[in-house]
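Worksheet: the structure to be examined is printed underneath.
The values are calculated or read from the model by the stated rules, or taken from the named source; none is laboratory data. Not measured: the values here are computed from a predicted model. Neighbour counts run over all protein chains shown; Cβ positions are idealised from the backbone, glycine included. The area values use the complete protein model at the heavy-atom level, side chains included, leaving out ligands, DNA and RNA. Shrake-Rupley method; radii C 1.70, N 1.55, O 1.52, S 1.80 Å.
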Amino acid sequence: MARDKNAGAKAGDNNGSESAGGEGAPTRAVVLVPVLTRQPKVDEDSARPRLTRSSEARHDEAVGLTRAIDLEPVHTAIVTVNDPRPATLLGSGKVEEFAAIVKERGAELVIVDHPLTPVQQRNLEKEFNAKVLDRTGLILEIFGRRARTKEGTLQVELAHLNYQKGRLVRSWTHLERQRGGAGFLGGPGETQIESDRRALQEKIIKLKKELETVRRTRDLHRAKRRKVPFPVIAIVGYTNAGKSTLFNRLTGAGVLAEDMLFATLDPTLRRVRLPHGTPIILSDTVGFISDLPTHLIAAFRATLEEVVEADLVIHLRDISDPDTAAQAADVEQILADLGVDAADTERVVEVWNKIDQLDEGNRERLLADSADDSKTPPIAISAVTGEGIPSLTSLIEQRVSGELESIDVVLQPSQLGQIDWLYRNGDVAARTDNEDGSVSLTIKATASARDEIAAKIFRKNKG
């Protein structure tokens, strides 16, 4: 995960961005990271100890999310909350303190890295005299910026509408003069908020129908892929773990890969041929994040079905991040919500990325720990330098096609044009050029590659 210590890990650290303003200037934002002291120690669903991320890591992530949509953090603060207030989440003293800072810094937006109720959001906007976005709203804004395909746009819009449905503010009251029924006791007629809510609900129903069409289209694509049964490999992981970089390394594709949270939103699929000839479909998915809004999980289910349907799931971790264990727990929880058991080592492969960012001592300790793992040991790689990639591709090939086999092939002089294909689709371990002009090859290949070689070479020999 990208870190920017200049963003200010404590309140008041940001004093260098006072000159913002003018046409085209980024929106000035104050970023608040509430830390609740009375968090549960055990996960209620799994009964496992809850891994909590450090306040500094949460701060850095909040700043990264803010900058991901070109906002300018002019002040950031980690706020300890002992007793969350139903009306404002923060205590009255803190609210007054940050209201003064918002005014002093000329901020137009306040980011609160915590879920807010509609009442809390509305009250804070009144106190700060600025727009307030909670964590869910900020992630939705980022996803709205990143969506490129029609499917992605539909999914983000659906999530936005579900989020807004509980945050409608009664802007007009004149319609309340209408009354339903007869007499003084008749209730008010349709208010503006009810009209808005009905309009939102109609849009939500329409979007769900459109997404259902998208889901059926995806099902048709999957059915076609099953007829030509290429294994599907899905890459999942915390946002900014390096999924798109690994995807580009394995496929040669040009998917956007930047040191930015949620650089990739729309899923990408590519056909890849592994070193020993096995063809696969590789899928790059949207990055996961802690406290991922339920609106997004529901809206993106059509996309995330690529993970559910995958033959093998690569759980990519940024092992250089101090909070990698907590990030892994967040990813595993989302996978569990999708029905994928992260503990199933036959289907889920854990891969430790960014080992090039570790010093020599930490790298040696890490590799030793992974080798001693009682489960299937994780594979340590660097998607940037390519270190460890051969081990990863070998494991993928072994999982989807079985162990390598040795195949002896004799090419007649008329078949020498096939040598290049064999070198590209298998691992040629030995070669002998015979006196009669034929060539004998010993090839290491998977079972699926063996069948393909047999169909291409042996049948021609018989003919």
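Condition first: surrounded by fewer than 16 Cβ atoms within 10 Å (Cβ to Cβ) and modelled with pLDDT of 90 or more. Can you find one or more residues in segment 128-149 that meet it? The answer is yes; a qualifying residue exists. Restricting to segment 422-446, name every residue that is under 22 Å from Pro231 (Cβ atoms) and open to solvent by 40 Å² or more (accessible area, probe 1.4 Å). Matches in segment 422-446: Arg424, Asp427, Lys444. Of the helices (runs of 4 or more DSSP H) lying entirely inside segment 85-167, those carrying at least 3 residues that are within 32 Å of the chain's Cα centre (by Cα) are 118-128, 135-146, 150-165. In summary, Thr76 fulfils each of the numbered conditions (1) at pLDDT 95 or above; (2) within 32 Å of the chain's Cα centre (by Cα); (3) surrounded by fewer than 16 Cβ atoms within 10 Å (Cβ to Cβ) with the single exception of condition (3).
Whenever a residue of segment 368-391 is modelled with pLDDT of 75 or more, its partners that are basic (Lys, Arg), lying with C-beta atoms within less than 6 angstrom and at least six residues away or across chains, give the pairs Ala383/Arg249. A count restricted to segment 114-133 and to residues that are within 17 Å of Asp70 (Cα to Cα) and among the charged types (D, E, K, R) stands at 1. Here Ser92 fits the description: over 13 Å from Val35 (Cβ atoms) and of a type in the set (S, T, N, Q). Selection of first residues in segment 128-142 that are of a type in the set (Phe, Trp, Tyr) and of second residues that are in a helix (DSSP H, G or I) and open to solvent by less than 10 Å² (accessible area, probe 1.4 Å), restricted to Cβ pairs under 6 Å at least 6 apart or on distinct chains, gives the following pairs, ordered by first then second residue: Phe128/Val102. Just one residue in the set Arg122, Arg67 is of a type outside the set (S, T, N, Q) and in contact (Cβ under 8 Å) with a residue 60 or more places away in the chain; that residue is Arg67. For segment 259-289, filtering for residues that are of a type in the set (S, T, N, Q) and modelled with pLDDT of 80 or more leaves 1. Only a single criterion out of (1) at pLDDT 95 or above; (2) in contact with a Gly (Cβ under 8 Å, 6 or more places away or on another chain) is not satisfied by Asp83, namely (1).
Among residues of segment 409-437 that are at pLDDT below 85, none has a Cβ under 7 angstrom from a residue that is surrounded by fewer than 14 Cβ atoms within 10 Å (Cβ to Cβ) and part of a loop (DSSP other than H, G, I, E, B) at a sequence gap of 6+ or on a separate chain.
For segment 306-318, filtered to residues that are open to solvent by 20 Å² or more (accessible area, probe 1.4 Å) and under 16 Å from the mean Cα position of the chain (by Cα), the residue that is modelled with the highest pLDDT is Arg317. Scanning segment 100-127 for residues that are closer than 18 Å to Ile78 by Cα and open to solvent by 20 Å² or more (accessible area, probe 1.4 Å) turns up Ala100, Ile101, Arg105, His114, Pro115.
Checked against the criterion of being at positive phi and at pLDDT below 90, segment 97-111 has no qualifying residue.
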